[in-house]
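A.B. asks: Below you will find the structure I want to go over with you.
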């Protein structure tokens, strides 16, 4: 039977489409088609709303390409582990998490556009990720604009928490490096000729300034403060200056490639400081593999490492290491843990909001973050009013027999620091 032959029974007679004039039949058919379209649209909208109600979107922005890609990928991997753990445990109050990742390409303007996309188009509940403050800062500004909480994974500059951004939180801070470094130099090393070298970047420059201030308070005089360009091809002139000044302790705020070149050239020029300390870029297994035995006796700082964890979190730390290895087939490092920690903070805040029967709004998540009190492998995580972490503090580690060993503070130390460092010809 064709459509226009359908019979419709009324109270008095049998009505057929064939009784209608041709133009009426056309109008009736179009009416039926529109009804079908409207029904399909309403059904899809209902299904979409029902489906999205069971999913929580978390936005993540990291440098997955460009000059900072290695670090950004490590942050991303840590976040992925936290999301996977939560989903495998049943989600957040029964709702599954969906991680929506974006690449800022190591460029601030791209970071802004990616944050705009996640906040305005994807309608994420919150943001995380971020490596270096030149990228974190622009993302934080967009988060404030849309009133969406942002927990940054790797941020240090004090300026970022001075903008009265109620929606900005971070799991790291510069003071976490300064205090342990100042402590070990003042209590153990007490150098007579101290040099601070720093890369020409905002974070490294601020670290050098804060260290000098802390050393001065503890009666340590800094003989030399020297800036260098990251990726500098030759440190020989600087090494000559250090040797002429008889510098016995070097604190170098460079990055992994800078440390590799500087330490190798110190060896070539037979310059043996009593201690070489690199707060950034040394406390990694990849650095030790690259340097081999020449990595021994070097100092760095570390917030977390497999086997080095916040007391009482050994089981959680071990589970993280196992899950990370299962997902990525390698051991995690401290950068991975920073990503994991920032995501865990967001997930805990969301769980609190839903447990209290509240809607998952930006303000409700923000308020839950301000009240967070979470013991994690990297730190006891709670936030100050400005979004800084209250308890973020590194340990000083020394590479001994090609292994990272905690040497400061004393309550966390696994061994005594080997000081002074043996000269190159005595190793």
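A.B. asks: Find the residue count for region 53-63, including only residues that are surrounded by fewer than 24 Cβ atoms within 10 Å (Cβ to Cβ) and within 15 Å of residue 117 (Cβ to Cβ).
C.D. replies: Qualifying residue count for the region: 1.
A.B. asks: Now for a different question. Sort through 312, 339 and tell me the only one that's touching a strand residue (DSSP E or B) at 6+ places or on another chain (Cβ under 8 Å) and surrounded by 17 or more Cβ atoms within 10 Å (Cβ to Cβ).
C.D. replies: When all the criteria are applied, what remains is 339.
A.B. asks: Ok, one more. Provide a single number: the residues in region 351-380 that are surrounded by 21 or more Cβ atoms within 10 Å (Cβ to Cβ) and either over 30 Å from residue 286 (Cβ atoms) or touching a helix residue (DSSP H, G or I) at 6+ places or on another chain (Cβ under 6 Å) (or both).
C.D. replies: Adding up the residues that qualify gives 8.
A.B. asks: Take residue 374 and decide whether it is touching a residue at least 24 places away in the same chain (Cβ under 8 Å) and farther than 29 Å from residue 72 by Cβ.
C.D. replies: It is false that residue 374 is touching a residue at least 24 places away in the same chain (Cβ under 8 Å) and farther than 29 Å from residue 72 by Cβ.
A.B. asks: Follow-up. Out of all the residues in region 293-309, which are in contact (Cβ under 8 Å) with a residue 60 or more places away in the chain and within 16 Å of residue 336 (Cβ to Cβ)?
C.D. replies: Hits for region 293-309 are 302, 303, 304, 305, 308, 309.
A.B. asks: Another question about this same structure. Any residue that is surrounded by fewer than 15 Cβ atoms within 10 Å (Cβ to Cβ) and in a loop (DSSP other than H, G, I, E, B) - is there at least one of those in region 270-284?
C.D. replies: Scanning region 270-284, I find at least one residue that is surrounded by fewer than 15 Cβ atoms within 10 Å (Cβ to Cβ) and in a loop (DSSP other than H, G, I, E, B), so the answer is yes.
A.B. asks: Hey, any hits in region 349-365 for a residue that's touching a strand residue (DSSP E or B) at 6+ places or on another chain (Cβ under 7 Å), closer than 19 Å to residue 394 by Cα and either modelled with pLDDT under 95 or part of a loop (DSSP other than H, G, I, E, B) (or both)?
C.D. replies: no
A.B. asks: Anything in region 132-142 that is under 28 Å from residue 199 (Cα atoms) and at pLDDT 95 or above? List them, or say none.
C.D. replies: Within region 132-142, 135, 136, 137, 138, 139, 140, 141 qualify.
A.B. asks: Considering region 143-159 alone, what residues qualify as being buried (at least 19 other Cβ atoms within 10 Å of the Cβ), farther than 14 Å from residue 364 by Cα and without any contact (Cβ under 8 Å) to a residue 40 or more places away in the chain?
C.D. replies: Within region 143-159, 143, 155 qualify.
A.B. asks: Only one of 127, 197 is over 28 Å from residue 411 (Cα atoms), assigned by TED's automatic domain parsing to the domain that holds residue 262, crowded, with 18+ Cβ neighbours inside 10 Å and at pLDDT 95 or above. Can you tell me which?
C.D. replies: Of the residues listed, the single one that is over 28 Å from residue 411 (Cα atoms), assigned by TED's automatic domain parsing to the domain that holds residue 262, crowded, with 18+ Cβ neighbours inside 10 Å and at pLDDT 95 or above is 197.
A.B. asks: Filter region 88-104 down to residues that are closer than 18 Å to residue 341 by Cβ and surrounded by fewer than 18 Cβ atoms within 10 Å (Cβ to Cβ), then give me how many there are.
C.D. replies: Residues in region 88-104 being closer than 18 Å to residue 341 by Cβ and surrounded by fewer than 18 Cβ atoms within 10 Å (Cβ to Cβ): 2 in total.
A.B. asks: Just checking, does region 248-255 include any residue being part of a loop (DSSP other than H, G, I, E, B), surrounded by fewer than 18 Cβ atoms within 10 Å (Cβ to Cβ) and in contact (Cβ under 8 Å) with a residue 24 or more places away in the chain?
C.D. replies: No - not one qualifying residue is present in region 248-255.
Rundown of residues vs (1) touching a residue at least 60 places away in the same chain (Cβ under 8 Å); (2) within 14 Å of the chain's Cα centre (by Cα); (3) under 20 Å from residue 325 (Cβ atoms); (4) outside the structural domain of residue 346 (by TED's automatic domain parsing), yes/no style:
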site: 62; (1), (2), (3), (4): yes, yes, no, no
site: 70; (1), (2), (3), (4): no, yes, yes, no
site: 76; (1), (2), (3), (4): yes, yes, yes, no
site: 84; (1), (2), (3), (4): yes, no, yes, no
site: 116; (1), (2), (3), (4): no, no, no, no
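The values are calculated or read from the model by the stated rules, or taken from the named source; none is laboratory data. Here the structure is a predicted model, which means the values were calculated and not measured. When we count neighbours, we look across all protein chains shown, and the Cβ atoms used for this are built from the backbone with ideal geometry, even at glycine.
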